[in-house]
1. Only one of (1) more than 22 Å from Lys348 (Cβ to Cβ); (2) open to solvent by 80 Å² or more (accessible area, probe 1.4 Å) fails for Asn242. Which number is that?
2. Of all residues in region 206-222, count the ones that are surrounded by fewer than 18 Cβ atoms within 10 Å (Cβ to Cβ) and in contact (Cβ under 8 Å) with a residue 24 or more places away in the chain.
3. Give me the residue from region 24-45 that is touching a strand residue (DSSP E or B) at 6+ places or on another chain (Cβ under 8 Å) and of a type in the set (D, E, K, R) and, out of that set, modelled with the lowest pLDDT.
4. I'd like to check something: does region 104-111 contain any residue that is surrounded by 19 or more Cβ atoms within 10 Å (Cβ to Cβ) and of a type in the set (S, T, N, Q)?
5. So, in region 264-297, how many residues would count as being open to solvent by less than 70 Å² (accessible area, probe 1.4 Å), assigned to a loop (DSSP other than H, G, I, E, B) and in contact (Cβ under 8 Å) with a residue 12 or more places away in the chain?
6. Answer with yes or no whether Leu230 is touching a Ser or Thr at 6+ places or on another chain (Cβ under 9 Å), modelled with pLDDT of 95 or more and surrounded by 14 or more Cβ atoms within 10 Å (Cβ to Cβ).
7. If you take the residues in region 41-69 that are of a type in the set (Val, Ile, Thr) and surrounded by fewer than 22 Cβ atoms within 10 Å (Cβ to Cβ), which one is farthest from Val90 (Cα to Cα)?
8. As an exercise: evaluate Gln95 against (1) in a helix (DSSP H, G or I); (2) under 25 Å from Ile198 (Cα atoms) and give the number of the one condition it does not meet.
Amino acid sequence: MITFKNFIILQEGGAGGHMAHPFDLPSVNRGNDLLAFFKRALISLKQKRGSVKFDGLNTSIKLVRTEEGKFRFALDRGSNKEIDIQGITVDNIDQRFDPSTGGGQKMIEVGKFLLPILDSAIDLIMPELKKLKMASNSNRFLNTEYITGTTNVTQYDRNMIVFHGVKEFYLAKSPKLARIGRVSRETAYDGAALDAMIAKLKPVFHQHGFEVFGPTRVDLTQTADFTEALNQPITVVYAANNSVTQPLSAWLKKAVNPRNAQIINIANKKVPAMTKSNYLYVMAGKPIDAIATDPMSQKLIVDGAILYHATRVLGNSVLQGLGSSAGELTKHEGVVLRDPKISSNPVKITGEFIVKGMESAFRK
């Protein structure tokens, strides 16, 4: 358990959009590219380009106008549904989420808690909201994380809401669905205005047992040594009588990023090669020929598993050497890097959470 009091957090996930893992980056095409990323990440972290990635419930919040022309706060889950575009308020939140599901019920509870509190402070923080250009653009939103206890997977002992910044929805073609949809992106905003807004909201939320935080920077207290992780022996079982054992470093040298590649599985169907389930299957020492039999499909499965595992163990090495005002990074979801020298978009290093996150009720 992380020993904190209550507080509230703005950050990535949910409507905020999927944040890239290192192996998602277009620059990571081979195993050695992944290792090079982690080495560059250490340099970036020395330059203080990282912030804590908390683990909670994303509650992306924007400003909308009522029929009377007044402003109020609303949730937006980023879908094409009219209720998201117009804004999910306390008045219609029960129409948007299914209370019979754990995730739906939690979103209703969180919305009915957060929105009235923010609405009560709207006049107080309107100067900052205008500077953040939220009053003039309903596509801009506060990317927010809500945490009480074990809201998602990580167990905290204080309630939290942290404001990590402002993002913006826009229309783009989905590569998976081949249609136009709403997605979010990082956008420039007035950092001083965000800090001022947070300062004003702290006493407001304190009355409800919460503390309010902004972006929480991380400090590199110890440079990671990847030697132990890279020397770890990995055994891949291709069939009952065919297995190969070699260090992770050797597997990485031969690995090619399967990214969006598909395989022909044992049922003769096309399915993604690189999945967490395939990763866990391979690392459990189970025979790959039970998933796919042709050599190309098997190599794609193995390469994907190796990239997942390297991201996990190299990430653990990085996080163990980081600290912050929120405590050790291994006690959170991980760290977010914002460094244009590495990626034009934020990238996350999560270490063990890359597997632990599968326990999330929202994912289920």
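1. Of everything listed in (1) more than 22 Å from Lys348 (Cβ to Cβ); (2) open to solvent by 80 Å² or more (accessible area, probe 1.4 Å), Asn242 misses just condition (2).
2. Number of matching residues: 6.
3. Per the stated criteria, the residue is Asp24.
4. Scanning region 104-111, I find no residue that is surrounded by 19 or more Cβ atoms within 10 Å (Cβ to Cβ) and of a type in the set (S, T, N, Q), so the answer is no.
5. Here the count works out to 9.
6. Against the criterion (touching a Ser or Thr at 6+ places or on another chain (Cβ under 9 Å), modelled with pLDDT of 95 or more and surrounded by 14 or more Cβ atoms within 10 Å (Cβ to Cβ)), Leu230 qualifies.
7. Quick first cut of region 41-69, residues of a type in the set (Val, Ile, Thr) only: 43, 52, 59, 61, 64, 66.
Among the residues that remain, those that are also surrounded by fewer than 22 Cβ atoms within 10 Å (Cβ to Cβ) are: 43, 64, 66.
On the way: Ile43: 45, Val64: 13, Thr66: 13 Å.
Among those that are of a type in the set (Val, Ile, Thr) and surrounded by fewer than 22 Cβ atoms within 10 Å (Cβ to Cβ), it is Ile43.
8. That leaves (2) as the condition not met.
The values are calculated or read from the model by the stated rules, or taken from the named source; none is laboratory data. On a predicted model such as this, the values are computed, not experimentally measured, just so you know. Methodologically, a virtual Cβ is constructed for each residue, glycine included, from the backbone with ideal geometry; neighbour enumeration extends over all protein chains shown. Heads up: the accessible areas ignore ligands, DNA and RNA and are worked out on the full protein's heavy atoms, side chains in. Shrake-Rupley method; radii C 1.70, N 1.55, O 1.52, S 1.80 Å.
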